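Engineer: If you scroll down you'll find the structure; I have some questions about it.
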Amino acid sequence: MKNTIKHIVVCAAFTLGMTTVFHSCNFLNVDDYFNETLKYDSIFHNKLNLQKYLFNAANSFDDEGQIFGNTVYTPGIMATDEAFSLGSAYNGMSLVLDEVTANDAQGINIYDKMYRIVRKANTIFARMDEAADLTSVDKREIMGYTHFLRAYAYYNLLNLYGPIVILGDDVLESNEETEYYARYRNTYDECVNYICEEFEKAADYLPSEIAVSFFGRPTRGAALGLIARLRLQHASPLFNGGGKEGNAARIYFGDFTRSSDGVHYIRQQYDERLWAVAAQAAKRIIDWGIYHLHIVERTGDARALPSTVPNDAFPNGAGNVDAYRSYHEMFTGETLPSRNPEFLWGRISGSVKAFTQRAFPVTYFRGFNNLCVTQKIVDAYYMEDGRTKEEAMGDTYSESGYLSGNRAFSGYEMRSGVHNMYVNREMRFYASVAFSGTWWTASAATDESYKNKQISYEYSGEGGKSSVTTDVNSYPITGYVPRKYIHPEDAWAGVGTADGTSVLDKPFPIIRYAEILLSYVEALNNLENPYTLTDADGNEYTFSRDVAQIKYYFNQVRYRAGLPGMTEKQAEDPVAVQQLIERERMLEFMCENRRYFDVRRWGKYVDSENELMMGMDTDASGDAYYTRVPLNHSKARRRVVNRKFVFMPIMISELRKAPTLDQNPGWEN
């Protein structure tokens, strides 16, 4: 059983009877809606049928780990500056290759699907009382999941398309005049407020904790976490008048107005108070005390802490933290995800599991070898003492020479011959990136020839361009592949054959506590004035740019990574803190689908994407390979940066059904 909201099982009878699936069109197409109503009397006759209807609606959501390829609900990491590939099945790259149009979204289209979910949620609210055997406890559970269902559908729409049509509780009756179905898009402010209100209602009903067997169900923490994410996004420059001194909102959305009344869809005036609202949303999760960073206790094989990192016990230092295992084992399947205190919400992702094969070498390991990390990400990782590579140049960092002798820490092995530019880096680097000379274990393989190999991505190496014998795109053109989700035992060679080898199931963190900590710090950092807010219980809280709190909560993320914390001097400078936050999020959430949204909300999408895609020289071997070069391929040269890519287009087929809908800026009508 897949333990996700899409596959919640109430009892064996429910599992066997879960066969009724409704395929209706979008909220403006009443023909399928009318056909659906013919079945409603039986649907709402009893609790069991109502539960079937609810969870079949939830089944319409896509695998949130679908961020590498075959993406539907998001362009994913392939539409950012953190990843690239020459291979197929990466339809997120269609956006940056300018192949998406308002007639063809290249498979990335959830518009009608999400509105089907909204309509089903509204139908449940309208008719759930008809189920005579529904107890008060049953009703609370259904209310919680249905509010979450509706909010999450709108949340996905907002992230992909921007301002959307909010239906409220309207089910949309059939056989009405055309004017009845004329709907206008709400403003971004209205959408965020409504979705957050829905998540708040869901949080009132949802449980705080769930059984291990139900991992994937949304809890109160999931609802509150998504509120915190939305509130931070809402306060950010792109959606908040450009920020204190910026003009991103005007550059991107100055002409984006509702055709019916001229109202701006995206606010053009800055409101600092939105940062206080975002701070409150994050802080209540922190104060709740249920969630914590995933920490694996330090043992004898952990790498010694550099002198720059406090040796106190976490959260005041990293003295008791195995930084490599604490980070890596969250994603590989080693830590039981249902008991990971960092996951506000996660799921077992078949998509993440499948796409790990695209990082494995072809030679020896039967991978695809073409899911690439960019040089920009590699260069952003810190040295083990917290310095940048530029600061450590000529000391602990060098771009010439090779490691002499083997090194090992926390179960990770680095063999002799690794280039010095990959030596002495921070633990998240080794947990997340495979570089030329990486030692691949694949220890579950039963054949010795399929495991324990040092793989070179140089032109003449086992994983390099010259090793390709069938698919010419099966090499990492940047010189790097992600290993963030790969367990040391994972072995694709022999999977599904008599060898009996296997790959562990992979948890995907939809939202985790590290994000809450960094969101709180970012919100505080943007406050120039104190703000007093009142919560639902009447309690008052005052938020201001508190330097001590900024340091304390930011440093927790850094200490878990085995790095020194923010200094007092840095904490006193809002610009320096923002720069640290942006870099920290890029590294901490690498390959988790946060980068795509972060650069947009900061109003920095054009600047970040305009940088050349760089990598090692995969057409060379030896010392010449270790040279940064622009990616030498037509696909890389075809990358396009366009402001319209902030949002995906609404399909013309949808606009034809609803002429009152305005298209997103830059896309064809």
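The values are calculated or read from the model by the stated rules, or taken from the named source; none is laboratory data. Because the structure is a prediction, the values reported are computed rather than measured. Glycine gets a Cβ as well: all are built from the backbone with ideal geometry, and neighbour counts include every protein chain shown. Calculation scope for accessible area: heavy atoms of the full protein, side chains included, ligands and nucleic acids excluded. Shrake-Rupley method; radii C 1.70, N 1.55, O 1.52, S 1.80 Å.
Engineer: Percent of alpha carbon pairs in the chain separated by more than 44 Å?
Structural biologist: Working: 47967 of 223446 pairs.
Counting every Cα pair in the chain, those more than 44 Å apart make up 21 percent.
Engineer: Are there any helices in the chain, counted as whole DSSP H runs, that stretch 15 Å or more along their axis by Cα and score at least -0.5 on average by Kyte-Doolittle, and if so which? Intermediate results must be reported in sequence, preceding the final value.
Structural biologist: Values: long enough: 47-58 (16 Å, -0.15); 111-127 (24 Å, -0.59); 136-161 (37 Å, -0.24); 188-205 (26 Å, -0.68); 220-235 (23 Å, 0.37); 273-288 (23 Å, 0.27); 513-525 (18 Å, 0.75); 547-560 (20 Å, -0.70); 574-588 (20 Å, -0.26).
Result, helices passing both filters: 47-58, 136-161, 220-235, 273-288, 513-525, 574-588.
Engineer: Further question: Quick check: convex hull over the Cα atoms of the stretch 549-604, volume per residue in Å³, rounded to an integer?
Structural biologist: Details: hull volume 4.5 nm³, N = 56.
Output value, Cα hull per residue: 80 Å³.
Engineer: I want to verify the translational diffusion coefficient of the stretch 236-293 in µm²/s; compute it with Stokes-Einstein, Rh as the Kirkwood radius over Cα pairs, at 37 °C and 0.692 mPa s. Numbers along the way, then the final one.
Structural biologist: Working: Rh = 13.1 Å.
Approximately 251 µm²/s, per Stokes-Einstein.
Engineer: Here's something else I'd like to know. Counting other Cβ atoms within 10 Å, keep those with at most 14, restrict to DSSP loop, and tell me which GluC sites (Glu not before Pro) in the stretch 606-669 are left. Intermediate values should be presented prior to the final figure.
Structural biologist: Working: sites: 609, 611, 654, 668; in loops: 611, 668.
Sparse-neighbourhood loop GluC sites (Glu not before Pro): 611, 668.
Engineer: Dimensions of the stretch 119-226 along principal axes (Cα, Å, largest first)?
Structural biologist: Computed over the Cα atoms, the extents are 47, 35, 19 Å.
Engineer: For the stretch 435-480, just list the percent of Cα-Cα distances falling in each 10 Å bin from zero outward, please.
Structural biologist: That works out to 29, 46, 25, 0, in percent per bin.
Engineer: I've got another one for you. What's the magnitude of the charge dipole for the chain around its Cα centre, counting Lys and Arg as +1 and Asp and Glu as -1 at the beta-carbon? Answer in Debye, nearest 20. Intermediate results must be reported in sequence, preceding the final value.
Structural biologist: Values: 70 positive and 86 negative charges, 148 e Å.
So the magnitude is around 700 debye.
Engineer: Shifting gears a bit: Give the residue list of GluC sites (Glu not before Pro) in the stretch 524-589 that are DSSP loop and have at most 16 other beta-carbon atoms within 10 angstrom.
Structural biologist: 528, 572
Engineer: OK, next. I want to check the label-to-label distance for residue 126 and residue 460. Put each point 7 Å from Cα in the C-beta direction and report it in nm to one decimal.
Structural biologist: 7.2 nm
Engineer: When all protein chains stay in place, what accessible area (Å², nearest 10, 1.4 Å probe) is found for residue 604?
Structural biologist: Surface accessible to solvent at residue 604 totals approximately 80 Å².
Engineer: Take the eigenvalues of the Cα gyration tensor for the stretch 220-259, scale each by 5, and report the square roots as semi-axes in whole Å, largest first. Mind dumping the intermediate values first?
Structural biologist: Details: eigenvalues 134, 34, 5 Å².
Its equivalent ellipsoid spans semi-axes of 26, 13, 5 Å.
Engineer: May I pose another question? Suppose a student asked you for the relative contact order of the chain, using Cα pairs under 8 Å spaced at least 6 residues apart; what percent would you report?
Structural biologist: 17 percent
Engineer: Then there is this: If I model a spin label at residue 259 and residue 669 as a point 7 Å from the Cα along the Cα→Cβ vector, what separation in nanometres do I get?
Structural biologist: 0.4 nm
Engineer: Taking K and R as +1 and D and E as -1, what net charge do the other residues with C-beta under 10 Å from the C-beta of residue 427 add up to? Mind dumping the intermediate values first?
Structural biologist: Working: positive: 303, 325, 425, 428, 560; negative: 322, 384, 426.
Net charge in that neighbourhood comes out at +2.
Engineer: Quickly work out the residue 407-to-residue 339 label distance, labels modelled 7 Å from Cα along the C-beta direction, and quote it in nm with one decimal.
Structural biologist: A separation of 3.3 nm, rounded to one decimal place.
Engineer: Moving on to the next point. Using only the alpha-carbon atoms of the stretch 98-166, report the extent along each of the three principal axes, biggest first, to the nearest angstrom.
Structural biologist: 53, 18, 17
Engineer: Moving on. Starting from the Cα-Cα distance between residue 42 and residue 540, subtract it from 0.36 nm times their residue separation and give me the gain in nm to one decimal.
Structural biologist: So the extension gain works out to 174.5 nm.
Engineer: Moving on to the next point. As an exercise, use a Förster radius of 22 Å and the Cβ-Cβ distance of residue 212 and residue 297 to find the FRET efficiency, rounded to the nearest 0.05.
Structural biologist: On the way: r = 22 Å, r/R0 = 0.99.
Efficiency, rounded to the nearest 0.05: 0.50.
Engineer: Rounded to the nearest 0.05, what FRET efficiency is calculated for residue 632 and residue 320 with R0 set to 60 Å and r the Cβ-Cβ distance?
Structural biologist: Working: r = 46 Å, r/R0 = 0.77.
Efficiency, from the Cβ-Cβ distance: 0.85.
Engineer: Let me ask something else about it. Could you tell me what a quarter of the Cα convex hull surface of the stretch 544-669 works out to, in nm² with one decimal place? Before the final figure, lay out each step's value.
Structural biologist: Working: hull surface 51.6 nm².
Average projection, Cα convex hull of the stretch 544-669: 12.9 nm².
Engineer: Using the beta-carbon distance between residue 273 and residue 62 and R0 = 30 Å, what value does 1/(1 + (r/R0)^6) give for FRET efficiency, to the nearest 0.05?
Structural biologist: Values: r = 35 Å, r/R0 = 1.16.
Once the sixth-power term is evaluated, E becomes 0.30.
Engineer: Next up: Top to bottom by accessible area (1.4 Å), largest first, where do 470, 660, 80 land? Write out the running numbers ahead of the final one.
Structural biologist: Numbers: 470 125, 660 25, 80 0 Å².
If we order 470, 660, 80 from most to least accessible, we get 470, 660, 80.
Engineer: On to the next question. Taking the Cα atoms of the stretch 373-486, report the difference between the largest and smallest coordinate on each principal axis, in whole Å and largest first.
Structural biologist: Principal extents (largest minus smallest coordinate, Cα): 42, 29, 27 Å.
Engineer: For residue 344, list long-range residues whose amide hydrogen, built 1.01 Å from N in the peptide plane, is under 5 Å from its own amide hydrogen.
Structural biologist: Answer set, sorted by chain and number: 511, 512, 513.
Engineer: Around residue 583, what is the net charge, scoring Lys/Arg as +1 and Asp/Glu as -1 over all other residues with Cβ under 14 Å from its Cβ? Please list the in-between numbers first.
Structural biologist: Numbers: positive: 376, 387, 389, 428, 558, 585, 594, 595, 604; negative: 81, 82, 379, 390, 391, 426, 522, 582, 584, 588, 598.
For residues surrounding residue 583, the net value is -2.
Engineer: Over the stretch 339-388, one equal point on each Cα, no solvent: what is log10 I(q)/I(0) by the Debye formula at q = 0.24, 0.26, 0.31 Å⁻¹?
Structural biologist: -0.87, -0.88, -1.02
Engineer: Between residue 313 and residue 390, what length comes free when the chain is fully extended (0.36 nm per residue of separation minus the Cα-Cα distance, one decimal in nm)? Can you show the working numbers first?
Structural biologist: Values: separation 77, 0.36 × 77 = 27.72 nm, distance 2.97 nm.
Net length gain for the segment: 24.8 nm.
Engineer: Would you mind counting up the charge near residue 360? Only other residues with Cβ under 9 Å from its Cβ, with Lys and Arg at +1 and Asp and Glu at -1. Intermediate values should be presented prior to the final figure.
Structural biologist: Details: positive: 358, 366; negative: 490.
Charge balance in the 9 Å sphere: +1.
Engineer: Heavy atoms only, probe 1.4 angstrom, no DNA, RNA or ligands counted: give me 471, 287 ranked by accessible area, highest first. Mind showing how you got there, number by number?
Structural biologist: Working: 471 65, 287 90 Å².
Accessible-area ranking of 471, 287, largest first: 287, 471.
Engineer: Still on this model: Determine one quarter of the surface area of the Cα convex hull of the stretch 267-311, which equals its mean projected area, and express it in nm² to one decimal. Intermediate values should be presented prior to the final figure.
Structural biologist: Working: hull surface 25.8 nm².
Mean orientational projected area (the stretch 267-311, Cα hull): 6.5 nm².
Engineer: Sort the following peptides by mean Cβ neighbour count (other Cβ atoms within 10 Å, averaged over residues), highest first: 264-273, 143-152, 449-458.
Structural biologist: On the way: 264-273: 16.8, 143-152: 24.8, 449-458: 20.0.
The packing order, highest mean first, is 143-152, 449-458, 264-273.
Engineer: Sticking with this one: Can you put 607, 189 in order of accessible area, largest first, using a 1.4 Å probe?
Structural biologist: Result, largest first: 607, 189.
Engineer: Now for a separate question. Given the pairs 47/506; 506/644; 389/635; 139/201; 283/376, which span a C-alpha to C-alpha distance of over 22 angstrom in this model? Show your work: numbers first, answer last.
Structural biologist: Details: 47/506 33 Å; 506/644 34 Å; 389/635 29 Å; 139/201 13 Å; 283/376 32 Å.
Correct reply: 47/506; 506/644; 389/635; 283/376.
Engineer: How large are Rg and Dmax for the stretch 160-290 when only the alpha carbon atoms are used, in Å?
Structural biologist: Just the Cα atoms of the stretch 160-290 yield Rg and Dmax of 17.8, 53 Å.
Engineer: Taking Cα pairs under 8 Å and at least six residues apart, what relative contact order does the stretch 78-200 come out at, in percent? Mind showing how you got there, number by number?
Structural biologist: Values: 84 pairs, mean separation 28.3, N = 123.
The normalised contact order for the stretch 78-200 reaches 23 percent.
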